[in-house]
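Here the structure is laid out as structure tokens; the discussion comes afterwards.
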Amino acid sequence: MKRALYTIILVLTTSIVVGQIDANSVMGLPTATNVEMLAIVGPAIGAVLYNTTDDSIYRYTTTGWQKATDDQYDDEVSLRTAIDVNEGGIASPTNETNVEEVIQAIAPITSKAARVFYPPSIAIDASTNGTFNVNLYTQYTAQFATPTAVSTGAPAAVPNYAATELYYYVTYADPDVFGNGVSVQNMSIDANGVLSYEIFNQPADYNSLINVVFVVK
């Protein structure tokens, strides 16, 4: 019984000793206020100290004291392999070497081409002359929400934009049907995508062309 008690006391005593660390044995950096740091004469390149004014570590470089941070800006992150992202087909393209160069090269492409798309095709009755309206936006969202077929694993509906997130354009309409044979007449689109148009003549072959384009704002 005495032997067992001695063993327990020894274990506890050992644990307490291991848990204690002498503060004087912990290495530290020289400390200085910001005023004191800037007043140091002739510090060596690579010298490091702890600035107590802003609680930050500083290192001395060829340009003076610099705050040491782990920040990495886009122009400081190099690509593993330099690549060209915007000059396809050019004999000697300029390769991008860091994240900033890639962003600058690809932004003009994505900000234009990727924002333009054609909505689904819709039927417009041109059998009777007169003035009519069709909501291009609701036609677009209705077809995107209920596609006829969906590939395996795809969401049931196609993602779409709100009406106020789009600009609406008619890039071409048959002037023989929607105008006087020379130009389109009385056609307009409001901010919500409602197209107003006038039918002047019926298509000769019961078909007429009108191109609609959406642009993401």
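The values are calculated or read from the model by the stated rules, or taken from the named source; none is laboratory data. Just so you know, these numbers come straight off a predicted model, no measurement behind them. So basically every Cβ, Gly included, is an ideal-geometry build from the backbone, and we count neighbours across all protein chains shown.
Below are the figures for this structure:
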read-out	value
Contacts under 7 angstrom Cβ, first residue in the stretch 184-200 being surrounded by fewer than 18 Cβ atoms within 10 Å (Cβ to Cβ), partner of a type in the set (D, E, K, R), 6 or more apart	Gln185/Glu198; Asn186/Glu198
Any hit, the stretch 128-142, residues being of a type in the set (A, V, I, L, M) and either touching a residue at least 40 places away in the same chain (Cβ under 8 Å) or farther than 30 Å from Asn207 by Cα (or both)	yes
Test: Ala32 is at pLDDT 85 or above, aliphatic (A, V, I, L, M) and surrounded by 12 or more Cβ atoms within 10 Å (Cβ to Cβ)	yes
Residue that is surrounded by the most Cβ atoms within 10 Å (Cβ to Cβ) [pool: residues in the stretch 51-89 that are small (Gly, Ala, Ser), over 19 Å from Val35 (Cα atoms) and touching a strand residue (DSSP E or B) at 6+ places or on another chain (Cβ under 9 Å)]	Ala82
Pick from the stretch 164-201, criterion in a helix (DSSP H, G or I) and more than 26 Å from Ala126 (Cα to Cα), ranking: nearest to the chain's Cα centre (by Cα)	Glu165
